[in-house]
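These notes are about the structure you will find just below.
The values are calculated or read from the model by the stated rules, or taken from the named source; none is laboratory data. What you see is a predicted model, and the numbers here were worked out from it, not measured in a lab. Cβ coordinates were reconstructed from backbone atoms using ideal geometry, including for glycine residues, and neighbour counts include every protein chain displayed. Just so you know, the surface numbers come from the protein's heavy atoms only, side chains and all, with ligands and any DNA or RNA stripped out. Shrake-Rupley method; radii C 1.70, N 1.55, O 1.52, S 1.80 Å.
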Amino acid sequence: MNSYAETRPNNTKTLLVIMLILVVMIGLVFAAVPLYQLFCQVTGYGGTTQRAESGAAPVVLNREMKVSFNADVNRELPWSFRPVQRSVTVKVGEEALVFYKAVNNSSETITGTATFNVTPYKAGAYFSKIECFCFTEQTLKPGEEVDMPVTFFIDPEIAEDERLDEVKEITLSYTFFRMNEEQ
């Protein structure tokens, strides 16, 4: 029969294993959001666009795509936000510049940040933004109105993806959220 002294090392070992598993699980919880964002940026999953480090693609194709623009504001942010133009037609590989307009309708200075995606989601991997207001936080003073540029192109590799042969229109959507003071 085992005595208490003989089972104690097993209990300590079990406790250490459980604590290690708990620490790993907590680490995974904190890493989940950045890892998911990285996954979406690399694959275009969920309509996540790509970020281009330089100008447009080296090749411009004859294939044209209509790009429509959508703008939303979270109800906690007292801003007006809209695209200046509703859509543009661009050739695949051609660089385009469009603007969104934001107005702070409150009596206080507010910082906001924009999330974005494209639909259809499968086109996200081929939609590349060179410059975008969404790359940084935006601070607007009371009553301030600003034009916010977006420079983008559609990667010519879209023509090689048979799943996207039927895609003739892409919608770029933004939603602005208020930044919390503690963020």
Probe 1.4 Å, all protein chains in place: accessible area of Phe177 in Å², nearest 10?
70
In debye, nearest 20: dipole of segment 59-109 around its Cα centre with unit charges on the Cβ of K, R (+) and D, E (-)?
220
Give, as a single signed number, the net charge of other residues whose beta carbon lies under 11 Å from the beta carbon of Lys91, with Lys and Arg counted +1 and Asp and Glu -1.
-2
Any residue on another chain or 5+ positions along whose placed amide H is under 5 Å from the amide H of Ile130 is listed here as Ala52, Thr151, Phe152, Phe153
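Report the gain in length on full extension from Ile21 to Glu76: 0.36 nm times residue separation, minus Cα-Cα distance, nm rounded to one decimal.
Details: separation 55, 0.36 × 55 = 19.80 nm, distance 3.85 nm.
Net length gain for the segment: 15.9 nm.
Starting from the coordinates of the alpha-carbon atoms of segment 124-183, obtain the Kirkwood hydrodynamic radius over all distinct pairs and give the value in Å to one decimal. Present the calculation step by step, with values, prior to reporting the outcome.
Details: mean 1/r = 0.0688 Å⁻¹.
In segment 124-183 this quantity evaluates to 14.5 Å.
Express in nm, to one decimal, how much length is gained between Met179 and Val88 on full extension, taking 0.36 nm for each residue of separation and deducting their alpha carbon distance. List each step's numbers first, then the result.
Numbers: separation 91, 0.36 × 91 = 32.76 nm, distance 3.04 nm.
Length gained between Met179 and Val88: 29.7 nm.
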Quick calc: nm separation of the 7 Å Cα→Cβ label points for Thr12 and Glu160 -> 6.0
Accessible-area value, Leu61, 1.4 Å probe, nucleic acids and ligands omitted, Å²
50
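Give me the percent of accessible area attributable to carbon and sulfur for segment 132-183, probe 1.4 angstrom. Kindly include the intermediate steps, with their values, before the conclusion.
Values: 1220 of 2930 Å².
Ligands and nucleic acids excluded, carbon and sulfur give 42 percent.
Arrange the residues Tyr126, Tyr100 by how much accessible surface each exposes, largest first, with a 1.4 angstrom probe. Please list the in-between numbers first.
On the way: Tyr126 35, Tyr100 0 Å².
The most accessible residue leads, giving Tyr126, Tyr100.
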